[in-house]
Amino acid sequence: MNHSAPDPSRPMKIQFLAPLFLLSFALINLHADEAAKTPNYAIQPVLHPGTEARHESFNEISKKGEAQLVFLGDSITNNWEKGGKEVWDKYWAPLQAANFGIGGDRTEHALWRLDHGNFDGLKPKEIVLMIGTNNTGHQGRPEKELDGAIYQCTAQQTADGVKAIIDKLEAKCPGAKILLLAIFPRGATPEDKFRKQNDETNAIIKGFADNKTVFFMDLGPKFLEPDGTLSKEIMPDLLHPNAKGYEIWAEAIAPKVKELLQ
């Protein structure tokens, strides 16, 4: 009766593969643990240092309860008062609009503002919201308000922050319509890493529109050349519109703004 000799390599293979399997499993768990430890800064309300006076001015506007149209956002919104002032006076001042934009704000800063008086006493008919480009662009920077932590924020996390703002606005201003704008294009070309991440965020936040309370508009193509490049004739620093850019913005949304104000 013939018996095959045992394969001496078999137990050695098992002995060799088992540690590799355990090492791979440990690495997977390590990466999962690290991901779990990485906070989603975009949804954690925090004061933007140095903006207290402007924040309080918004609280005063809120207490008066007069504004029917409010623009909420970062420096791109804030700059309606600078490069976009003539356009603002033409389109939005006649509609009793208020500008609640703060330069450098990220979603978490806007959330803090909403928790500390912005919109208290205000019952606007419409809110135009655009925010998130600083969540993208501030990555890799140490942030004072985060005790010097290096800022990180994914496209999904930024979208989570935008959704948290929408939720707060709906709770504070239940009768208001929200015109949610896609984050404007930035960087010279479609390959710009920050523009690409903003595009990913825009693809997510588009889904927040229900066309009942929240309405979405993407004005990006209106600022771009046919080949997808961004001209300095519209955004000199490839981020902030100039007067021409604000005119493009106003013309694009004016019909929808007036519709939602009815």
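The values are calculated or read from the model by the stated rules, or taken from the named source; none is laboratory data. Just so it is clear, the structure is predicted and the values come from calculations on it, not from any experiment. FYI the Cβ positions are ideal-geometry reconstructions off the backbone, even for glycines, and counts take in every protein chain you see. Areas reflect the complete protein model, heavy atoms only, side chains present, ligands, DNA and RNA absent. Shrake-Rupley method; radii C 1.70, N 1.55, O 1.52, S 1.80 Å.
Go through the residues of region 174-182 one by one and say whether even a single one is over 20 Å from Asn211 (Cα atoms), open to solvent by less than 10 Å² (accessible area, probe 1.4 Å) and under 17 Å from the mean Cα position of the chain (by Cα). Among the residues of region 174-182, not one is over 20 Å from Asn211 (Cα atoms), open to solvent by less than 10 Å² (accessible area, probe 1.4 Å) and under 17 Å from the mean Cα position of the chain (by Cα), which makes the answer no. Somewhere in region 121-144, is a residue free of Cβ contacts under 8 Å to residues at least 60 places away in the same chain, polar (S, T, N, Q) and over 17 Å from Leu169 (Cα atoms)? Scanning region 121-144 turns up at least one residue that is free of Cβ contacts under 8 Å to residues at least 60 places away in the same chain, polar (S, T, N, Q) and over 17 Å from Leu169 (Cα atoms).
Every residue in region 208-227 that is touching a helix residue (DSSP H, G or I) at 6+ places or on another chain (Cβ under 9 Å) and of a type outside the set (S, T, N, Q), please. Steps first, answer last, please.
Initial filter on region 208-227 (touching a helix residue (DSSP H, G or I) at 6+ places or on another chain (Cβ under 9 Å)): 208, 213-220, 222-223.
Result: Phe208, Val214, Phe215, Phe216, Met217, Asp218, Leu219, Gly220, Lys222, Phe223.
The set of residues in region 75-122 being open to solvent by 10 Å² or more (accessible area, probe 1.4 Å), more than 16 Å from Ile165 (Cα to Cα) and part of a loop (DSSP other than H, G, I, E, B) consists of Lys82, Gly83, Gln96, Gly103, Gly104, Gly121. Within region 188-207, can you find the residues that are out of contact with any helix residue (DSSP H, G or I) (no Cβ under 7 Å at 6 or more places or on another chain) and open to solvent by 40 Å² or more (accessible area, probe 1.4 Å)? Selection gives Ala188, Thr189, Pro190, Glu191, Asp192, Lys193, Lys196, Asp199, Ala203, Lys206, Gly207. The test for being under 13 Å from the mean Cα position of the chain (by Cα), free of Cβ contacts under 8 Å to residues at least 60 places away in the same chain and within 17 Å of Met235 (Cβ to Cβ) does not hold for Gly103. Considered as a group, the residues in region 113-146 that are touching a Leu at 6+ places or on another chain (Cβ under 9 Å) and hydrophobic (A, V, I, L, M, F, W, C) include one that is farthest from Phe194 (Cα to Cα), and that residue is Phe119.
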